[in-house]
Amino acid sequence: MSDRMDRARDALRRVRGDLSLQAFVDLLHEHGYPGKLSRQRLGRIEQGTARLTPATWNAIADALVRAGYATEEVVELRPDEFIIEPLPPVTPQVRRQQWTRVVNQISRTRWWLNPTALLDRVVGRGWRHNYGKLFDEHGINREKYREQTKQRLLDTTEVTVPQGNDAIQVDSTSILDVHVDKVALFVLTARLHNAGDVPWRNRLLYRLGPPVSSSLPFTPAVLPVPDTPPGGECEVFIPGRAQWFPNLATVSYVMVFGDCTPCLPGRLRCSVDTRATGEFDRTLPLPPKID
Amino acid sequence: MPSARDLLRGRPRKELPLHLVVNRELTAAMRQLRVAAGDDTAHTIELLNMAITDLYPQARPGRTEYGRTSEPHLVDKRYVLALERGHHSQLPPPRWLANRAVGDKTLTYGSRVPAWLARAYDHAFGADGYLVDMFVWATAALADHDHDLPRLTRNLPEHIPVGQEYEYLAEPLVSAGDELEPHIHALLLEEAERVRPRLTTPPVEARDWEPSAEDASGNLGEAEEEMPEGIVLAGGSQFVAHWVIHNIGRVPWRDRWLFRVGQGPAEASLASPHLITIPDTDPGGSAELRLPIRAPRRPGTYRACVKMGWPNGVYCFPSTLLGLIVTVIVPPDDLTSPAVDWPVR
């Protein structure tokens, strides 16, 4: 960090150039530097005996840009906290670690199937009954799903990739596309046919991308696939809450083993549409009294 | 008048807050991801601290001394909740709001989010890089807000060299990698034709470049079948984000541009032209916008945000923080054909 501050101080001295401390302070104030800054303090900053907050470094850089300095000339003044490094690549190990940590405490997690707490907070008690009915209609055994996911992700025995033709088909009776109100709850039904000659054991559906955002629906990041023999069929229920924005969103699941390495090519694609016919998603008006 | 259901629930429905500080969008997204991982705050903070330790092994409990750049540290409930609600290390309100009366001051609250914390949230709650990308454009939008009116400090129409409009528009896409595909090339040529007259003929209505409550833009999502949110695309793919926006206010749209907000480095963000034109549109009319984009090669989830503004960079809808968006998922390299649907029988 000290290297970074040294570079910022060097950059400040370089940008000031031949200007006197007082002239430089005047220049900053003329170009919208918001706070108080004396030439004495500027001198202490340059010598390293006074510290500035990141916001103040940014304010100095902004004032200099307004004064006509090029963005590149002042970039060194901006603190590191506004520079972000990309994350490490998401490998199967990272995926497993991320979701095993969540699943370890699964009874307390919302991403899974915790409709009671979810509904109380989001839509009120009136809907809880309907959501419960929705689960009952589909015969979803929430506890069984929970245990299966936990057991698969936490299983530390090495996964052996089965030899043979591993293939899948989606039954046309599956319900994978829904049109609902924004933030409404829904359940999708995927009927998956084991069209290969290897049995499916301890498999999971893993969602690509984040489990939720303002424009993407909230669905579980990991779901168990029931063990299915060749030629057999299984049902996977995908509970979720629609996105906040009125838009069309795609959710993609891939099939993985318990260690989060992929089993099959391709994906299961679902779509959640919250667009309302003829109703505009409009820009927010300016707040009252400031127009 | 509250509805019967609200009365039964015992409390009136709250008005949707109009946040005026862009970081509120970022911290709201952080909270949304954290809460999605569990109802138990202590447990989710435990997960967050595990991620902080993964990414920053030197992190210890205790906050950064005041006045220093924030360094990674383990977090507690008080810190996390205050930050997510916009109350921690508060940012000054946007300059354009400073001298105006805002009824509810909490609208101008926003937390300063350190980069390391955005990364840790992303890693802890499986955001797939989405928060890291959002941090980049939220930071850029924050810089825009720090002026008399929200404006960009770079990439304005005046920066486009006359006669080199195509090169200027194509530069972010070309620098990101391979040759442009023919349909992207053709689209950029068309856009360059639209840009040129705007550069050579000065706009005459500069006095009207002020946001107005009479002005409004609406979106019916007609074009989203082509590019739904969360679409999965191979790294390096070139595509066109397509929007149809409707002028549903009472102000004619003249001399307007669509600005890309906070474009990160080409290897880790969606690459697009810095700005494109918006056709002049009278109230009741609609405008079609097509923005060519190239996905980065690095796997992750990326979101591009564009906003409507005038040639001087002033945003037409300063309190609408997101503008138009498009979210794309570049799948991890170990998956085979993740953009191909399983066959239906």
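Derivation of every value follows stated rules applied to the coordinates shown; laboratory data play no part. What you see is a predicted model; the values in this text were computed from it and never measured. Backbone-built Cβ (ideal geometry, glycine too); neighbour counts: all protein chains shown.
Across the residues of B:323-335, average count of Cβ atoms on other protein chains within 10 Å?
Rounded to a whole number, the mean comes out at 5.
Across peptide A:91-102, how many C-beta atoms of other chains are within 10 Å of each residue C-beta, on average?
Per residue, the number of nearby Cβ atoms from other chains is 4 on average.
Using packing as a proxy for protection, rank A:57-70, A:248-261, B:75-88 so that the peptide with the highest average count of other Cβ atoms within 10 Å comes first.
A:248-261, A:57-70, B:75-88
What list do you get for B:F317, A:F280, B:F259, B:F125 if you sort them by fewest beta carbons within 10 Å?
A:F280, B:F317, B:F259, B:F125
Output ³J(HN,Hα) for the stretch B:185-200: one whole-Hz value per residue in order, computed from phi by the Karplus curve 6.51 cos²θ - 1.76 cosθ + 1.60 with θ = phi - 60°, and x for Gly and Pro.
Rounded to whole hertz, the list is 4, 5, 5, 5, 4, 4, 5, 4, 5, 6, 6, 3, x, 6, 7, 8.
Return the average number of partner chain Cβ atoms within 10 angstrom of each residue Cβ along peptide A:22-32.
Average per residue, whole number: 0.
Amide H to amide H under 5 Å from A:L216: which residues, 5+ apart in sequence or cross-chain, H placed 1.01 Å off N in plane?
A:W244
Go through the stretch B:226-235 residue by residue and turn each phi into a ³J(HN,Hα) via Karplus (6.51, -1.76, 1.60, θ = phi - 60°); whole Hz please, and just put x for glycine and proline.
Result, ordered by residue: 6, 9, x, 4, x, 5, 9, 10, 5, x Hz.
Once phi is turned into ³J(HN,Hα) by the Karplus curve 6.51 cos²θ - 1.76 cosθ + 1.60 with θ = phi - 60°, what whole-Hz value does each residue of the stretch A:245-260 show in order, with x for glycine and proline?
7, x, 7, 9, 10, 10, 10, 10, 10, 10, 9, 10, 7, x, 8, 6
Per-residue counts of other Cβ atoms within 10 Å, averaged by peptide: what ranking do you get for B:158-168, A:213-223, highest first?
Packing order, densest peptide first, comes out as A:213-223, B:158-168.
Amide H to amide H under 5 Å from A:L52: which residues, 5+ apart in sequence or cross-chain, H placed 1.01 Å off N in plane?
none
Under 5 Å between amide hydrogens, which residues at least 5 positions from B:G236 or on another chain qualify, with H placed 1.01 Å from N in the peptide plane?
B:A295, B:R297
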